[in-house]
Amino acid sequence: MTIIILSLNTQIKLSVSTLNVQECVDWVISPECGGIDVFIGTVRNATKGKAVVRLEFEAYEKMAVKELEKITQQAFDKWPVQKVLIHHRTGVLQIGEIPVVIAVAAAHRDAAFDACRYIIDTLKQTVPIWKKEIFEDGEVWVAAHP
Amino acid sequence: MNVNILAFGIAKDIFGGPSVSLDLANDANISNLKYLLEQQYPRLKKLATYMVAVNNEYALDGDTIHERDEIAIIPPVSGG
């Protein structure tokens, strides 16, 4: 399933398909912007020294999109940014694949860096998306237990 | 009233499926719901924390539940 929220300055997508970083950059680039900050999350091959085989992402899609919209709105309220894009994967991801891309374009770099950092940090705290780490000998929902 | 509760992530494992139905008093709030669920599914209490969402928004313990609300259990999120 793919959900796309499109406005002139915001794009949010949840997708089971491979994310395309260049498409993300192309969407936020604009003549009035002097800088684009891009955060790309990638699937790491180990957690706390233990080999990870793959990750599985699940989203409460309707609510996740709503929460992502709130975060993008907050970014526009806090910093002079021109365009914000968030793409997030769901489903099964192999090592090295990309679960998340955040791209922010602004007239000047400080706003782009700060907003991009804020978006990924807040996404990890509030957006109802979950990842399960699959190991050779078991699986764990990340952050579920203290 | 009878409500249907959606489960995601580890909550789905705890409930043994993507949703459960529960009988609640007509004026029940989130805290009543959590109490009943924790009686039936004690593993919920072992989670680092969990939230309840009503109609796609995080709810507070004192919020009242209505019959047709979309209720979901939100275990600790781990996107990104």
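FYI, it's all coordinate maths here, none of it is from the lab. Please read these numbers as outputs of a predicted model, since none were measured by experiment. Methodologically, a virtual Cβ is constructed for each residue, glycine included, from the backbone with ideal geometry; neighbour enumeration extends over all protein chains shown.
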Q) Out of A:Cys24, A:Phe57, A:Leu14, whose Cα points farthest toward the positive end of the dipole of segment A:3-99 (charges: +1 Lys, Arg; -1 Asp, Glu; placed on Cβ)? A) A:Phe57
**Q.** Under 28 Å from A:Lys13, Cα to Cα: lysines that are on another chain or at least 8 residues apart
**A.** A:Lys62, A:Lys66, A:Lys70, A:Lys78, A:Lys83, A:Lys124, A:Lys131, A:Lys132, B:Lys12
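Percent of Cα-Cα pairs more than 21 Å apart in segment A:62-146, please.
Beyond 21 Å sits 39 percent of the P(r) for segment A:62-146.
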Q) Just how large is the dipole of the protein assembly as shown about the Cα centre, in debye to the nearest 20, putting +1 at every Lys and Arg Cβ and -1 at every Asp and Glu Cβ? A) 500
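Please give me, ordered by residue number, the GluC sites (Glu not before Pro) of segment B:33-80 that lie in loop per DSSP and have at most 12 other Cβ atoms within 10 Å.
B:Glu67
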**Q.** Alpha carbon centroid spacing (whole Å) that separates segment A:92-112 from segment B:1-24
**A.** 34
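Regarding segment B:2-74, what is the average projected area of its C-alpha convex hull, in nm²?
With every direction weighted equally, the projected area is 4.2 nm².
About the Cα centre, and with charges only on the beta carbon of Lys, Arg (+1) and Asp, Glu (-1), how big is the dipole of segment B:6-51? Nearest 20 debye, please. Numbers along the way, then the final one.
Working: 5 positive and 4 negative charges, 49 e Å.
Roughly 240 debye, rounded to the nearest 20.
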Q | Residue range of chain A that is longest and free of trypsin sites (Lys or Arg not before Pro) which are both DSSP loop and sparsely packed (at most 12 other C-beta within 10 Å) | A | A:49-146
(Q) Along its three principal axes, how long is segment A:3-141 when you only count alpha carbons? Whole Å, largest extent first please. (A) 51, 28, 23
Q. For chain B, what is the charge dipole size about the Cα centre, in debye to the nearest 20, if Lys and Arg each add +1 at the Cβ and Asp and Glu each add -1 at the Cβ?
A. 420
**Q.** Contact order normalised by residue count of chain A, Cα under 8 Å, 6+ apart, percent
**A.** 33
Q | Positive-end extreme of charge dipole, the protein assembly as shown - chosen from B:Thr64, B:Leu44, B:Val54 (charges on Cβ) | A | B:Leu44
Q. Counting other Cβ atoms within 10 Å of each Cβ, which trypsin sites (Lys or Arg not before Pro) in chain B have at most 16 and sit in a DSSP loop?
A. B:Arg68
Q | Qualifying GluC sites (Glu not before Pro) for segment A:87-146 [loop in DSSP, other Cβ within 10 Å: at most 11] | A | A:Glu136
Q) Can you give the calculated 222 nm mean residue ellipticity of chain A, where each DSSP H run of n ≥ 4 adds -39,500 (n - 2.57) and the sum is split over every residue, rounded to the nearest 500 deg cm²/dmol? A) -10000 deg cm²/dmol
Q. How high is the relative contact order of chain B, given as a whole-number percent (alpha carbon pairs under 8 Å, six or more residues apart)?
A. 39
Q: Choose one of A:Leu93, B:Met1, A:Ile3: the residue whose Cα lies farthest towards the positive end of the charge dipole of the protein assembly as shown (beta-carbon charges +1 Lys, Arg; -1 Asp, Glu; about the Cα centre).
A: A:Leu93
**Q.** Residue with peak Gaussian network fluctuation, chain A [Cα springs, cutoff 10 Å], from A:Gln22, A:Gln11, A:Gln82
**A.** A:Gln22
